[in-house]
Amino acid sequence: MWVPPSEAPGLADTKFLDEFKDINESCNLKPSWPPGSPSHCVCLRGNPLSITIAPSTPIELSVASMPSQHQASVAKKDHNPAAYIGDSQELRETLPTLKTTVSGQEPMKNFETLPPLPAHGQPLMFADLFAGCGGLSLGLSLAGLNGVFAVERDKMAFSTLSANLLERRKVPVRQFEWPSWLERKAWGIDEILEQHPLELSKLKGKVHVLAGGPPCQGFSFAGKRLESDPRNQLFEKYVEMVKAIQPAAIVLENVPGMKVAHKAKSWKELGITQVKPQSYYDKLVESLDRVGYQVFGRILDSSLFGVPQKRPRLIVIGIRKDLARHLPGGVTRAFELLEEARLNQLQELGLPETVSASEAISDLEIKHAGTRPCTDPSSRTGFQELAYKGPRTHYQTLMHQGSDDSMDSVRLAKHKPEISERFMRIIQDPECIRGGLMSLAQREKYGLKKHRICLMHEDNPAPTITTLPDDVLHYSEPRILTVRESARLQSFPDWFQFRGKFTTGGSRRTKECPRYTQVGNAVPPYLARAIGLAIRSVLAEAMTVASQQAVNESEQEILAIA
């Protein structure tokens, strides 16, 4: 990292050292330097990390005595937005990348034995693990990647994915190719690993991108984050699949809580108080490093990608080391290209920096659409649904492309009169927070027992859409959102059909995945589309550099012989 001369003289002062100590603690680093010394040392999990500070010179971070598979260094380049040390927050964001930037000799098998990428002009092929209803798959398909297969355990969610990406409907994306040896049904990833190990190994070189979002409930701040939740261990199966297929790139999406460490009760019982627990993100990075991948994760806000919803998500990208070594900055290059893809996507789609809730769903308001008896075959009788009359904004036009005027999942909730009256009082209350969680005092004022309820702000992106339909109230109508409105706020197009029950309750929530849950669990397709475009760009760049290096090496060999 380069320290500008104007900042360098003050780096060794007490204030800087105090800030650095705080940063060390947040990054599992232990300071062991004498204050005021021009050369300081810290420890990364017991391994000395030397940091030399001098005016107008680069600061080089390098781990000295770590096992070879964990040797790392960081040498920030000018093209990296975080290249300069300014305040402690910038440094705090820089230090964690020590785990993910690999240098020196790679502890891998010979690169020549690894699966190749497709020939120039041929599409990248992907598989989607923990696919849910298909949000990530849809976005990657919109980016020009072709799906091979998808893994989803829940029958309702898989039926939605199948209806849109497997059943050859007239939709504007390519359908999954699907291998003949894999039955088209809801599978668990552990079942496929156990029953089809040979077939999976034959997919090397045929699946170039392995995507997935392990169930996030165990990591989520919105629920109880339990270390014992078996869903937290599914990332280990993801790593097994990566090892079996050896894709060129991997993409994983989860909630920011995956980066927060879980505390093990056993440590306290044993009297161990000095050990800092690892997050599942840390464990994932280490596991993928061992099987040959450079990995980097960043928390992104979906609303910056054309999704009309504030939805922070941890996006993890891994590049196989034989390819990452050809990239400036290694795997972090993928996030630079993702930023380019984001800007290009907004320009291509004609979208503003952010899309508001009303821009997304005003055409689905009762006052504009009207109502009629619900015709959805999965609905019980006695419900009303929206009678759609057409888009009113540019975003709505984008969502409605490829669809006729009929769309599914527009069933309205059947609220009791007193509930509707309460919701209307909340909407009309000028003191009620819009776009954020209602305070305890406000919830008590209206007799609301839920700790998580939010009234939308019509001029801002919606709050995070969750799996529970009554978490979000409509901005102008006294009701919760329909499944279709939630899907719009996730950037699902209107032609995308949902299957299964609308809601479920009680103990069935852990066993069933109805429509509201499918939408709340999904990766926003517009976010996934930008990620897909970035993956295409970063792999193409790696191959271009690798090819040029091969040509240069051949020319040097010829000159040496001559």
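Any read-out appearing in this document is the output of simple, stated calculations on the displayed coordinates, not a laboratory observation. Source: prediction; values computed, not measured. Please note: Cβ atoms are built from the backbone with ideal geometry, for glycine as well, and neighbour counts cover all protein chains shown.
Key figures
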read-out	value
Qualifying trypsin sites (Lys or Arg not before Pro) in the stretch 469-562, DSSP loop, other Cβ atoms within 10 Å at most 13	LYS511
Cβ crowding within 10 Å averaged over residues, with 235-245, 164-174 ranked highest first	235-245, 164-174
Distance histogram for the stretch 417-479 (every C-alpha pair counted, 10 angstrom bins, percent rounded to whole numbers)	23, 62, 15
Label-point separation, LYS416 to LEU349 (7 Å along Cα→Cβ), nm	4.0 nm
Qualifying trypsin sites (Lys or Arg not before Pro) in the stretch 338-402, DSSP loop, other Cβ atoms within 10 Å at most 11	ARG380
Cα Rg, Dmax (largest Cα-Cα span) when computed across the stretch 118-202, Å	12.7, 38
In sequence order, calculated HN-Hα J values of the stretch 298-312 (Karplus, 6.51, -1.76, 1.60; Hz; x Gly/Pro)	9, 7, 10, 9, 4, 5, 7, 10, x, 8, x, 7, 6, 9, x
At q = 0.12, 0.13, 0.16, 0.20 Å⁻¹, base-10 log of I(q)/I(0) for the stretch 403-536 (Debye sum, equal scatterers on each alpha carbon)	-0.53, -0.61, -0.90, -1.26
Backbone HN-Hα couplings from phi across the stretch 162-178 [Karplus 6.51/-1.76/1.60, Hz, Gly and Pro as x]	5, 5, 9, 10, 10, 8, 6, 5, 7, 10, x, 9, 6, 7, 4, 6, 6
Proximal charge balance of ILE192 [Cβ under 12 Å; K/R count +1, D/E count -1]	-4
Computed E for ASP376/GLN175 - FRET, C-beta separation, R0 30 angstrom, nearest 0.05	0.80
Modelled FRET efficiency - R0 51 Å, ARG508 with GLN556, Cβ distances, 0.05 increments	0.15
Proxy reagent accessibility, fewest Cβ within 10 Å first, across LEU124, LEU136	LEU124, LEU136
Overall Cα dimensions of the stretch 513-562, principal axis frame, Å, largest first	70, 17, 7
Across LYS206/LYS321; LYS310/LYS449; LYS367/LYS450, pairs whose alpha-carbon gap is larger than 30 Å	none
